Amino acid sequence: MADSHTGPGTKVKPQSSWHSFQPHWQHDWIELPIPLELRAETSSSDDQPSAFMLSLPQQQLQRPKAGPGTKVKPQSSWHSFQPHWQHDWIELPIPLAWQKMVFQYKKSVDWHENERSFLYCEQVSLAALYSEPVIIKKNKKGSFLNISVEELFRLHIPTTIILQGNSGSGKSFIAQKIMLDWASEKHYLKDFDLAFYLRYEEVKCISEEMNLIELLGWNCSLSSDQISQMLQNSAQRVLIIIDGLDDLDDLRFMCHEFCISSQFQRASPEVIVFSLVRKQILPRSFLLITTRTEHPQSVLLIGQQRFFKIVGFCEKGVEEYFQKFFQDEELFRKAFKYVKANESLFTICSIPVICWIICTVMQERFIDGADATSRLETTTSIYVDFVSTLLEHHCQGLSQSVPTLLRSLGQLAERGMLEQQVLFDEKSVNETVSDPAGSPVLCKVLSKRTICQETMFSFMHCSFQEFFTALYYVLLDEEESQRKVRELLHTVERGWALSCWSDRDFSMADVEIRHSKLLQPVILFLCGLCKKEWIPFFKKYNMAVSINTETQLKEWLNQCSQRYQNEHMLFILYCLYELHEKSYVGKVLEHLVSIDLSNIPLKNADCWMLQFCLQNCDNISNLRLNITSDNLKILQSALHSCEELWLKVDHITDEAGDLISALGEGKIVKELIIQNQKGLKSLKKTTKSFCQEIIASVENEDITLCVCFSKTRPSSLISELTLTCLRQEISTVNWRVFLQKLHRSPSSPVSSVDEFFPLDVLQSVSGLKKVHMQTDRWTVRWNVTILSLVQAFPSLNELRINATVSFIPLKIIQTLRESLTQTGWTLTVWRKSVLIERDRKSFTASQLKTKTENIESKT
């Protein structure tokens, strides 16, 4: 075997017996030189020769098809198996023809992915403009960990990675960058001999049956024979990227019998993808799937799975993207300063596609000398401004007028939305748009066929397809516009109703629910296009807008706001934000009994939207939110308009004191509940919360505040504290300082009660009337604390202490009673509770004596 394959680049085994095998196999081989001309061709920046290494088990070495590139198992017993599989293989060289073939394939990948990346900047490649979005993974404790792209591939065993993210979050950006990194031989992908990229939307457009080999070669420079040979020899080291598998849950309705078991078996492309996902073919391959599906059904996936979520750019990522986009340092600083000054605009830049649009708009405005960020308030305003910029600077010389062009693009977009299609063949596009290649919002996609290439088109991003569908509806004549908007609203609400119905036919209903979600952005853009500030834009191009669309939308929003909560209510609030009509927002919200968003962890952008809605509403009956303590700062000033406020937060901080102050006299808030939610974790590292729950309520002229301390505190200390004070005095108390002192109180089990509960904590509470405390057990230290409390607060009428242990020493009680009686207080003991009340001056001496005797008889 050695004689037939030995040549340049071959690693040769010294003449020694197998039992002298060294721990590191690299020390056991001598490498012959590779010719200079090949070395120059295959060199890489990372110097990773393993990019051309292939792997096969030992038993296949004896078969005729074993050959160059095969990894051979040493002749040793299984008990000597090394803990790292890399140490257990010996690599044979790959032929020059093979290396050249892979090298040429990588060069074609480099060019192809740079061609795809034109969306993000016309003059800069994907690699040069790439800024990594934040990828998070939930650990076993429920908190989130930030993960880099390199860390996705830490596990060498075959696995399936699911990258989930909303539209525009950067899923395809990452998928293409990974493919480009493999072609560039980056170190973190060195273990993969081959990588293939499948865009699922292109896969769905293929009508003919084929086998896996032909599918992988559909948009690939390799021939079917080359791919077949590669897969045969490197089936364990293949990376397959399936980008945009948004039908992930829909695939589960495909019967298991549809799966194919051979890479040569012919089937529809969708069945082939399903078989890949189910590991029926290439079971040892490494899959990376990007999807919008938030909670994919695990029953669909086979083998080890790892789930990650893309949440867009962090603040540093936005800055990095701006810097790479503008390139010029002065322009970058100027643009970033403008955006950073507008907090809501800066927040929406966390969505990569929106970030690109804003950069593009600002770049054109700098050239024109216009205000960089004016009118960029809502998502619709950003898209309208972007399209206006394209029409002004990139549409000269088109064969169609602007109104005709916009209607043509809208008609094409609507067809795609209704048919759930993002790729359009050249013939159908030409029937709608007269010059598709000259349109600045359409992208040309060259799709390889068996004999020739077919030209296809898509909108530069799916969000533009949604925008142009909405634009098409408002540009139609009155009757047709109303009909289409009515059908759209009916389809979306039917999906909402089905999602709330537990007893349903999942196979059919889930398809409608998913279609409903895909159409929702069209409604958002419709709301935004109804703003009167866009009338000059339409008039500029002699376009009339349907005046009844706004009425239709408002009636629908008003009805749905009274029927739905949580995710559907959040969408309704976003629609109100896009309308941006302050008086109408207040009118809708004030008629609601409740706004419940407690099942949805609110993101930063959600809070800026909600802030606008709340600030334009005088009174909200009941508001329930699931929010991080960091995002709570955004809403802090806007929450005072709520009568009942219930917050689930990741971490209770002293800033909750501002919300307690909102219960003061003359304020709307009458009930406040803040709960430390274990399942809700902030991406930022925070200290442990000092309390589990804060409940505050108004009754008559009094405020009752209950603080339940975290269970992590030692059990010998106070676990719960309830205060009652005059409502008129609550605004005079610095509740932030109050909570800070509780937070800093000693947590040692040996701390005394008065050390834990210093007097200065309560001395800041004016008009204190009642104090209730829960403790683990009663000790003699309580006597000093109680006497100090009753003497320090002339307004105090009642002090109650509940102990977990019912036994209270009689001697301690007798000593305390004598001291309290002298100061005009009475003491009652009942089981685990001690009640201390101020003695009423109206009592006579005989009545007081009788009362004392009754207390003694009970004890």
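Worth a mention:
- Put simply, of 578, 550, 555 the only residue that is modelled with pLDDT of 90 or more, acidic (Asp, Glu) and in contact with a Ser or Thr (Cβ under 9 Å, 6 or more places away or on another chain) is 578.
- Sole residue being buried (at least 16 other Cβ atoms within 10 Å of the Cβ), on the phi < 0 side of the Ramachandran plot, modelled with pLDDT of 80 or more and over 35 Å from the mean Cα position of the chain (by Cα), chosen from 717, 726: 726
- Some residue of the stretch 684-694 being open to solvent by 40 Å² or more (accessible area, probe 1.4 Å), part of a loop (DSSP other than H, G, I, E, B) and modelled with pLDDT of 80 or more: no
- Number of the exception - residue 451 against (1) assigned to a loop (DSSP other than H, G, I, E, B); (2) modelled with pLDDT under 85; (3) within 22 Å of residue 172 (Cα to Cα): (3)
A quick yes/no check of all residues on (1) in a helix (DSSP H, G or I); (2) at pLDDT 95 or above:
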{"position": "444", "(1), (2)": "no, no"}
{"position": "468", "(1), (2)": "yes, yes"}
{"position": "480", "(1), (2)": "yes, no"}
{"position": "484", "(1), (2)": "yes, yes"}
{"position": "524", "(1), (2)": "yes, yes"}
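- Test result for residue 333, over 22 Å from residue 173 (Cβ atoms), open to solvent by 40 Å² or more (accessible area, probe 1.4 Å) and modelled with pLDDT of 90 or more: yes
- Answer residue from the stretch 480-495, given it is open to solvent by less than 60 Å² (accessible area, probe 1.4 Å) and over 13 Å from residue 414 (Cα atoms) and is farthest from the chain's Cα centre (by Cα) among those: 480
- Residues (open to solvent by 30 Å² or more (accessible area, probe 1.4 Å) and either over 20 Å from residue 517 (Cα atoms) or among the small types (Gly, Ala, Ser) (or both)) located in the stretch 556-580: 580
- Considered as a group, the residues in the stretch 232-285 that are under 21 Å from residue 152 (Cβ atoms) and among the β-branched types (Val, Ile, Thr) include one that is modelled with the lowest pLDDT, and that residue is 277.
- Unmet criterion (only one of (1) surrounded by fewer than 20 Cβ atoms within 10 Å (Cβ to Cβ); (2) at pLDDT 90 or above; (3) more than 29 Å from residue 514 (Cα to Cα)) for residue 309: (3)
- Number of the exception - residue 534 against (1) assigned to a helix (DSSP H, G or I); (2) open to solvent by less than 20 Å² (accessible area, probe 1.4 Å); (3) touching a Leu at 6+ places or on another chain (Cβ under 8 Å): (3)
- For the stretch 347-400, a residue qualifies if it is of a type in the set (Asp, Glu) and either more than 24 Å from residue 603 (Cβ to Cβ) or touching a residue at least 60 places away in the same chain (Cβ under 8 Å) (or both), and the qualifying residues are 364, 368, 371, 377, 392.
- For the stretch 114-148, taking the residues that are modelled with pLDDT of 80 or more, touching a Ser or Thr at 6+ places or on another chain (Cβ under 9 Å) and farther than 24 Å from residue 445 by Cα, the one that is surrounded by the fewest Cβ atoms within 10 Å (Cβ to Cβ) is identified as 132.
To keep it simple, each residue is scored yes or no on (1) within 30 Å of residue 613 (Cα to Cα); (2) open to solvent by 40 Å² or more (accessible area, probe 1.4 Å); (3) in contact with a Ser or Thr (Cβ under 9 Å, 6 or more places away or on another chain).
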{"position": "358", "(1), (2), (3)": "yes, no, yes"}
{"position": "389", "(1), (2), (3)": "yes, no, yes"}
{"position": "407", "(1), (2), (3)": "no, yes, no"}
{"position": "415", "(1), (2), (3)": "no, yes, yes"}
{"position": "424", "(1), (2), (3)": "no, no, yes"}
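- Helices (runs of 4 or more DSSP H) fully within the stretch 310-395 that include at least 1 residues being of a type outside the set (Phe, Trp, Tyr) and in contact with an Asp or Glu (Cβ under 6 Å, 6 or more places away or on another chain): 352-368, 379-393.
- Selection status of residue 506, at pLDDT below 90, open to solvent by less than 10 Å² (accessible area, probe 1.4 Å) and out of contact with any Leu (no Cβ under 7 Å at 6 or more places or on another chain): no
- Taken as a whole, the structure leaves residue 175 outside the set of residues that are open to solvent by less than 40 Å² (accessible area, probe 1.4 Å) and over 24 Å from residue 280 (Cα atoms).
- Of the residues making up the stretch 633-647, just one is part of a strand (DSSP E or B) and surrounded by fewer than 17 Cβ atoms within 10 Å (Cβ to Cβ), namely 643.
- Output for the stretch 604-614, where each listed residue is under 14 Å from residue 311 (Cβ atoms) and without any contact (Cβ under 8 Å) to a residue 60 or more places away in the chain: 606
The values are calculated or read from the model by the stated rules, or taken from the named source; none is laboratory data. What you are looking at is a predicted structure, and each value in this text was computed from that prediction instead of being measured. We place every Cβ from the backbone using ideal geometry, glycine too, and count neighbours over all the protein chains shown. With ligands, DNA and RNA removed, areas are computed over all heavy atoms of the protein, side chains included. Shrake-Rupley method; radii C 1.70, N 1.55, O 1.52, S 1.80 Å.
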